[in-house]
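Quick note: the coordinates plus some simple rules give every number you see, no bench work behind them. If you're wondering where the values come from, they're calculated on a predicted model, not measured in any experiment. FYI the Cβ positions are ideal-geometry reconstructions off the backbone, even for glycines, and counts take in every protein chain you see.
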Amino acid sequence: MHNFEKQWQTVAGHARQAPGRDEIAPFGFARRAVAAGWQPPALAPEVLWVRLMLRVLAGAVGVLIVCAALELPHLRDARPLEPGLENTVAQIVWAL
Amino acid sequence: MVTDEFDWRACLEQVRQRDEDAAAVLVERLYPLVIRIVRSHLPRRVAEEDLAQDVFVKMFARLDQYQERAGTPFEHWVARLAVRTCLDALKAADRRPELRWGDLSEEQAAWLDFMLADQSATPNSSAASAREVIEQLLSQLPPDDRLVISLIDLEEKTVREVSEMTGWSGTLVKVRAFRARRKLRKLAQALSSQDRYAQL
């Protein structure tokens, strides 16, 4: 092992003397790196799906609240089940 | 080469204020340091320019984490970031290509023979071929071993410097270097025996 270590260090010494390659940034590299470094991080598909689902959920909740608000005056009517879905939908459409 | 005359503090201040020109100057200033590290620890099938760009992207993303302290110049912080990025890329590359005797040129084979022989006269082969054979052997090592040998034996970093760059303790660095050289010896022996079998 000692002998290999000695020989290895000799070869490494020669390797260090090998001529170095060009160390100047290629044309446009700096601007590309800055643009890549400063661009907002790309969103993962899961995050996009979660955001979309949350918006859909918020929309659905909104529609439910509007339906409930329209149904509220009829809560104590003699025919509470009478208005039904068709009327609620018609009322929403009318309100729009 | 990165010199001390450059006003790092002023440049960093401008970069933090999103000055694009200052950021480009910073990249150009650090490029030689980063590309040297990247070339020493580049996985196969990864373009050195892509990996260098990854280092700079991380640098910009984490710039706020850098705090100027005595003894921690900005270049050291970037060097550490570059080493970590390369190590991650090497680990991601996972599979190491198999090295065969036939892959070596005559000059490279002469250096390999020299490593295993008990001779003091170095072969009449170029320094570039010595570098190539070392890089070929290092490509066979696990990423951590490759890193420690590149830094200590090729870049002549001290154990303390390697410890600062990698976050490993000094003892761990020494132990890794010792084990890595032992693996290199086994690799060289295995390659050399391949040669003998081929000649039978």
In debye, nearest 20: dipole of the protein assembly as shown around its Cα centre with unit charges on the Cβ of K, R (+) and D, E (-)?
940
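Where in chain A are the DSSP H helices whose C-alpha atoms run 20 Å or more along the long axis and whose mean Kyte hydropathy is at least 1.6?
Values: long enough: A:2-16 (21 Å, -1.35); A:45-71 (39 Å, 1.66).
Membrane-span-like by this rule: A:45-71.
Take B:HIS41, A:HIS74 and order them by how many other Cβ atoms sit within 10 Å, fewest up front.
On the way: B:HIS41 21, A:HIS74 15.
The fewest-first ordering by Cβ neighbours comes to A:HIS74, B:HIS41.
Dipole magnitude of region B:48-200 about its Cα centre, charges +1 at Lys/Arg Cβ and -1 at Asp/Glu Cβ only, in debye to the nearest 20?
On the way: 22 positive and 25 negative charges, 171 e Å.
So the dipole magnitude of region B:48-200 works out to roughly 820 debye.
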Over all residues in A:24-30, what is the mean tally of Cβ atoms on other chains that come within 10 Å of each residue's Cβ?
6
Low-density loop GluC sites (Glu not before Pro), region A:1-74, at most 15 other Cβ within 10 Å, DSSP non-H/G/I/E/B, are A:GLU23
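Return a whole-number percent for the relative contact order of chain B, with Cα pairs under 8 Å and 6 or more residues apart as the contact set. Display every interim value, and only then the final one.
Values: 169 pairs, mean separation 37.2, N = 200.
Computed value for chain B: 19 percent relative contact order.
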Kirkwood hydrodynamic radius of the protein assembly as shown from all distinct Cα pairs, in Å?
23.7
Student exercise, chain A dipole from Lys, Arg, Asp, Glu Cβ charges, in Debye to nearest 20:
560
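Per-residue mean of other chain beta-carbon atoms within 10 angstrom of the beta-carbon, peptide B:171-183? Walk me through the numbers on the way to the answer.
On the way: counts 0, 0, 0, 0, 0, 0, 0, 2, 0, 0, 5, 3, 0.
That works out to 1 on average.
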Each label point is 7 Å from the Cα along the Cα-to-Cβ direction; what then is the distance between the points at A:ALA95 and B:GLU20, in nm?
4.9
A student applying the Cα gyration tensor rule (rounded when a/c is under 1.5; otherwise prolate if a/b is larger than b/c, oblate if not) would label chain B prolate
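Add -39500 (n - 2.57) for each DSSP H run of 4 or more in chain B, then divide by its residues: what number comes out at 222 nm, to the nearest 500 deg cm²/dmol? Kindly include the intermediate steps, with their values, before the conclusion.
Numbers: 9 runs with 132 residues, N = 200.
Counting only the DSSP helices, I get -21500 deg cm²/dmol.
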Net charge within 14 Å of B:ALA22 by Cβ-Cβ distance, Lys/Arg positive one each and Asp/Glu negative one each, not counting B:ALA22 itself?
-1
Check cross-link reach from B:LYS58 to the aspartates and glutamates: straight Cα distance under 19 Å, and skip same-chain residues fewer than eight apart.
B:GLU13, B:ASP19, B:GLU20, B:ASP21, B:GLU28, B:GLU48, B:GLU49, B:ASP50, B:GLU68, B:GLU75, B:ASP88, B:GLU164
Which one of B:GLN140, B:VAL175, B:GLY102 has its Cα pushed farthest toward the positive end of the charge dipole of chain B, where Lys and Arg give +1 and Asp and Glu give -1 at the Cβ?
B:VAL175
